[in-house]
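Derivation of every value follows stated rules applied to the coordinates shown; laboratory data play no part. All values reported here derive from a predicted model rather than from experimental measurement. All Cβ positions, even for glycine, are placed from backbone atoms using ideal geometry, and neighbour counts span all protein chains on display.
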Amino acid sequence: MSTPPPITFTVVARDGNARAGLLTTRRGVIETPVFMPVGTAGTVKATRFEALESPELDARIILGNTYHLWLRPGIETIKSCGGLHRFIGWDRALLTDSGGFQVWSLGALRKITEEGTEFRSHVDGSLRFLSPEVSMEVQAELGSDIVMAFDECAPADALAEDSRRSMELTARWAQRSRAKFDTLQSEGVDTGRRDDAGALSGAQALFGIVQGGAHLDLRKESLSRTVQIGFDGYAIGGLSVGEEKSVMWDVVGEVAPEMLANQARYLMGVGTPEDLVEGVARGIDMFDCVLPTRNGRTGQAFTSHGKVNVKNAQWALDTRPLDESCGCGVCRRHSRAYLRHLYMSGEMLASVLLTHHNLAFFLDTMRRVRQSIRSGDFMKFRREFTERLSASGD
RNA sequence: UCCGCAGUAGCUCAAUGGCAGAGCACUCGGCUGUUAACCGAGGGGUUGUAGGUUCGAGUCCUACCUGCGGAG
């Protein structure tokens, strides 16, 4: 009985550097380029799983976060409830971030050493230690389908010297992540395998992460060192952390085309609708971002003609939908006036409806991106999509 | 009718006789591997009215107006 590879990636169409592909995980096929909604604490905030599965959204894969789930409810709870999929009631693919991003985002609460990172828990103030080994162990126990290596995300404005030190630490942590991950797989710690039911036999996949800040030479070195270790897919991390947009596209434009052609390329934490299309144009296959969910909760809608700030008084009597050309349930049923009323009243339905629309817009945009690549019209799509975004149809 | 208490931003309230503020509300902005139903900025005033004391009054004095409580 041979074990199938944890993940396979097949490119089915190209248009310039853009590619349409099929990413096959043990929990189903994911058409790429794909946007992955972020579900940090075991929930895509303000969204029901039924909605994520509905044809309208049809999210094939969502994120979970190692650091946050490890702190609360704690890995013992999730393990005893059968792993993350069973715990949250989601049977499609899950990707877990390693906690590496929290090394950066919780800067004031942590201390980095060669061994790992010491965090002061924001939940109860306790001291917690996260390392490549701990992160791999937690992610195995969560049973996610794609595991991310434990990396260090350096500040956007880091000098070359600091970026190098950070990139080299990430490389050593990548090696340790790989080793620990392999051990855990052979020990069968992965709770997502479900051998008993026979429904799933595949193993978890492990992705490596390219770092190096804004320095292209460091990025290239990081890529070659990461590839040398060998992973099931590769991510570009450490972008969209405050740097100029031109810096991000310089890095992506330089790194993405040099990444292995037969494996998935994941641009972590990006981005706006325009960023997604621009990333695809440079050869990226996978994206995740909190923008559709977070901004939905804070009163901002993404539409085909740009951003709509639902809070603005000018919508108070506006009976139009958020986006005339959006077919989502929120746009079919509700006016800007009503959504503004809900937001201004502090009603939780405002978060639910705006998040739904934003996710629908992001996921539909990616559907159209995939189709345009398959039909060879991606460049035309990119131009028209971008022009319309800045046209402001208010 | 008398006694007491209170009148300050749209609302609830601050301000030893020394530059009239806060929270909420409102208006606008931000948010990119979520410490975020969050964060930031802005506009808002004849301090109930009329006098007086004082170098200087939201603050002290007098009268009046309004509200609340008590007595009769």
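Structural remarks
- Residues with amide H under 5 Å from that of A:I30, placed H, sequence gap 5 or more: A:L23, A:T24, A:T25
- Backbone amide hydrogens, once placed in the peptide plane, bring A:F129 within less than 5 Å of A:F119, excluding anything fewer than 5 places away on its chain.
- Residues A:L267, A:L159 arranged by fewest to most Cβ contacts within 10 Å: A:L159, A:L267
- Summed residue charge, Cβ within 12 Å of A:A313's Cβ, Lys/Arg positive, Asp/Glu negative: +2
- FRET efficiency for the A:S80 to A:E347 pair, using the beta carbon distance and R₀ = 45 Å, is estimated at 0.80.
- Electrostatic bookkeeping for A:T272 treats Lys and Arg as +1 and Asp and Glu as -1; over the other residues with beta carbon under 10 Å from its beta carbon, the sum is -1.
- Where Rh is the Kirkwood radius over Cα pairs, Rg/Rh for segment A:7-54: 1.08
- Charge tally around A:S372: other residues with Cβ under 9 Å, Lys/Arg +1 each, Asp/Glu -1 each, net +3.
- Largest GNM mean-square fluctuation across A:D318, A:D364, A:D145, computed for chain A with C-alpha springs under 10 Å, falls on A:D318.
- Principal-axis tilt of helix A:245-255 within chain A, Cα atoms, nearest 10 degrees: 50 degrees
- Which of A:E221, A:E384 has the fewest Cβ neighbours within 10 Å, and the rest in rising order: A:E384, A:E221
- Residues considered: A:S325, A:S126, A:S224. Largest GNM mean-square fluctuation over chain A, using C-alpha springs under 10 Å, is found at A:S126.
- Counting only DSSP beta bridges with both residues in chain A, the antiparallel share comes to about 50 percent.
- Charge dipole (debye, nearest 20) of segment A:1-139; +1 at Cβ of Lys and Arg, -1 at Cβ of Asp and Glu: 80 debye
- Relative exposure of A:R333, A:R340, A:R120, A:R225, judged by other C-beta atoms within 10 Å (fewest first): A:R333, A:R120, A:R225, A:R340
- Computed over chain A with a Gaussian network model linking Cα atoms closer than 10 Å, the most mobile of A:K380, A:K180, A:K45 is A:K380.
- Positive dipole terminus of segment A:75-155, leading residue within A:M136, A:M148, A:T77 (C-beta point charges): A:T77
- Theoretical ellipticity at 222 nm over chain A - DSSP helices of four or more residues, -39500 (n - 2.57) apiece, nearest 500: -12500 deg cm²/dmol
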